[in-house]
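Peer 1: Before anything else, here's the structure in question.
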Amino acid sequence: MEFLNPVIVLNLVVGAIGILLVIIDRFLGQYGECRITINDNKEILMKGGNSLLASLVDNEVFIPSACGGRGTCGYCRVRILEGGGPVLPTEEPLLTREQLINQYRLACQVKVRQSLKIEIPEEWLALQKYRAEVISVKPLPRTIKELVLKLIEPSIIKFKPGQYVQIKIPTDKGFEYRAYSIASETKYKDRILLNVRLVSGGIGSTYLHSLKGGDELEFVGPYGGFVVKDTDKDIVCLAGGVGLAPIRSIIFSLLDEGSKRKITLFYGARLKGDLYYYEEFKKLEKDHKNFRFIPAPDTPEPGWEGDVGLITDVMERYLGKDDADRTEAYLCGPPPMMDAAIKILSNLGLAKEDILYDKF
Ligand code: FES
């Protein structure tokens, strides 16, 4: 008599239990009215059954959710003090041991099945919803578009350079939110500038790239702690691709406000033609003695006389160990670039808290 492989049997049993649980959840999951108590001072009543993130957004409590609730960004971390149920396998990769001990959960993964007590940063309760009109669309290299959004209601926004907004993206099922850094300087309070790279299959970038002058959209914000510390240390910025957006906001805002801090921007791209805003930064360098601009394409090209190579290597060539204790770094770009930059800056002796970064 032949026996079935025990591993296959186990997988079949686990699969069957999973399907059964989904069916039970779908057909018997009558959760009734649930109460969410936020920070012990705000209460929301709702019908259970949705994710905590969706339930909060429906009630205009805007939790950061850069990945749109797909469980990949970790931005929607909230403390659930009561009623969250067991931690799900989909949450574990994005929560540290310490966060788990401190009852942090991912709001997009937790379903509201009963009343909950949660704790969120107080400033999230002050986040606002904005309606805006697209007043300019400009193509930039590498399928990037620059969009200028003029605010309609409310008509002004206060943000810190380096912060981002979440754009409401219409979908077949309703809407989702996607995060985009503000690229404009803080002096412009009636508009924001975005740099949007078209991502194949990306609902956020596809939607934003389809917009034209006169179209309206909604966003929420401003979010994010990738902001400049209030010190007098020198500033080193490093950007790659659309990582330039928050860095542009930081540099233009600081110089516009008359900052005397020494600022250096290392800006990398594959080709020299991909270095968008090149002329703007060149002019800024001319106008401000305390700003230095070091762009570098990866590959040498005829007519280019500046630095060439990986921008992290270029940065390493310029920085000295002597400057480490009076320097702060602000980095934004793809994760491998960020990891390399953090390693270089740490080896140079920069303190961990002086290396701020935004991976995307
Ligand atoms: S919204 Fe991205 S992990 Fe929850």
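The values are calculated or read from the model by the stated rules, or taken from the named source; none is laboratory data. Note that this is a predicted model, so its numbers are computed, not measured. Because the Cβ atoms are built from the backbone with ideal geometry, glycine has one as well, and the counts that use them run over all protein chains shown. These accessible areas exclude ligands, DNA and RNA; they are computed on the full protein's heavy atoms, side chains included. Shrake-Rupley method; radii C 1.70, N 1.55, O 1.52, S 1.80 Å.
Peer 1: Accessible area per residue of the chain at 1.4 Å probe, in Å²? Mind showing how you got there, number by number?
Peer 2: Values: 19030 Å² over 360 residues.
Heavy-atom accessible area per residue stands at 53 Å².
Peer 1: Along its principal axes, what span do the Cα atoms of the range 207-282 show, with the longest given first and each in whole Å?
Peer 2: Principal-axis extents of the range 207-282 (Cα, largest first): 41, 33, 20 Å.
Peer 1: Here's another thing I want to ask about it. Place a label point 7 angstrom from the Cα of residue 81 along the Cα-to-Cβ direction, then list the residues of the range 96-120 whose backbone nitrogen is under 18 Å away.
Peer 2: 99-107, 114-120
Peer 1: Right, here's the next one. Using only the alpha carbons, work out the radius of gyration and Dmax of the range 234-359 in angstrom.
Peer 2: 13.6, 40
Peer 1: Gain in length, residue 124 to residue 198, computed as 0.36 nm per residue apart minus the alpha-carbon separation, to one decimal in nm?
Peer 2: Values: separation 74, 0.36 × 74 = 26.64 nm, distance 2.86 nm.
Roughly 23.8 nm would be gained on extension.
Peer 1: Using only the Cα atoms of the chain, construct the convex hull and provide its projected area averaged over every direction, in square nanometres to one decimal. Could the numbers behind the result be given before it?
Peer 2: Values: hull surface 96.9 nm².
Seen from a random direction, the Cα hull of the chain projects 24.2 nm² on average.
Peer 1: Compactness ratio of the range 128-223: Cα Rg over 2.2 N^0.38 Å, N = residue count?
Peer 2: Values: Rg = 12.4 Å, N = 96, 2.2 N^0.38 = 12.5 Å.
So the range 128-223 has a normalised radius of gyration of 0.99.
Peer 1: Given points 7 Å out from each Cα along the Cα-Cβ axis, report the residue 173 to residue 114 separation in nanometres with one decimal.
Peer 2: Result for the modelled spin labels: 2.6 nm.
Peer 1: Next question, about the same structure. Accessible surface of residue 73 in the full protein assembly, 1.4 angstrom probe, to the nearest 10 Å²?
Peer 2: Residue 73 has an accessible surface of roughly 40 Å² with all protein chains in place.
Peer 1: Rounded to the nearest 10 Å², what accessible area does residue 231 have for a 1.4 Å probe in the complete protein model?
Peer 2: 50 Å²
Peer 1: Sticking with this structure for a sec: Using all C-alpha to C-alpha distances in the range 32-124, build P(r) with 10 Å bins and read off the rounded percent in each one.
Peer 2: Result returned by the calculation: 18, 56, 25, 1.
Peer 1: I'd like the GluC sites (Glu not before Pro) in the range 273-360 restricted to DSSP loop residues with at most 16 other Cβ atoms within 10 Å, sorted by number. Don't skip to the answer; put the middle values down first.
Peer 2: Numbers: sites: 279, 280, 285, 305, 316, 328, 353; in loops: 305.
Counting only loop positions with at most 16 other Cβ atoms within 10 Å, the GluC sites (Glu not before Pro) in the range 273-360 are 305.
Peer 1: Oh, and also: Tell me, what % of the accessible area of the chain is carbon and sulfur with a 1.4 angstrom probe? Each step should come with its number before you reach the end.
Peer 2: Numbers: 10230 of 19030 Å².
Reported share for carbon and sulfur atoms: 54 percent.
Peer 1: Please give me, ordered by residue number, the GluC sites (Glu not before Pro) of the range 157-266 that lie in loop per DSSP and have at most 13 other Cβ atoms within 10 Å.
Peer 2: Details: sites: 176, 185, 216, 218, 257; in loops: 185, 257.
Here the sparse-neighbourhood loop sites are 257.
Peer 1: To continue, here is another question. Which FRET efficiency value, to the nearest 0.05, do you get for residue 347 and residue 131 by plugging their Cβ-Cβ distance into 1/(1 + (r/R0)^6) with R0 = 41 Å?
Peer 2: On the way: r = 47 Å, r/R0 = 1.15.
Taking R0 as 41 Å, the efficiency between residue 347 and residue 131 is 0.30.
Peer 1: Label-point separation (nm) for residue 339 and residue 42, each offset 7 Å from Cα along Cα-to-Cβ?
Peer 2: Those two pseudo-labels are separated by 3.7 nm.
Peer 1: So what is the calculated 222 nm ellipticity per residue for the chain, using -39500 (n - 2.57) for each DSSP H run with n of 4 or more, over all residues, to the nearest 500 deg cm²/dmol? Could you put the intermediate results ahead of the total?
Peer 2: Values: 8 runs with 88 residues, N = 360.
So the helix-based figure for the chain works out to -7500 deg cm²/dmol.
Peer 1: Can you tell which of 147, 53, 94 shows the greatest fluctuation in a Gaussian network model of the chain with Cα springs below 10 Å?
Peer 2: Maximum among the listed residues: 94.
Peer 1: While we're here: Would you mind checking the tilt of helix 335-348 against the longest principal axis of the Cα atoms of the chain, expressed as 0 to 90 degrees and rounded to 10?
Peer 2: Here the helix axis deviates by roughly 60 degrees.
Peer 1: Here's something else I'd like to know. Give me the percent of DSSP beta bridges within the chain that run antiparallel, rounded to the nearest 5. Don't jump to the answer; show the numbers that get you there.
Peer 2: Working: 46 of 73 bridges.
Within the chain, antiparallel bridges account for around 65 percent of the total.
Peer 1: Moving to a separate point now. Once you put a point 7 Å from the Cα of residue 31 and another 7 Å from the Cα of residue 140, both along the Cβ direction, what distance in nm separates them?
Peer 2: Distance between label points: 3.9 nm.
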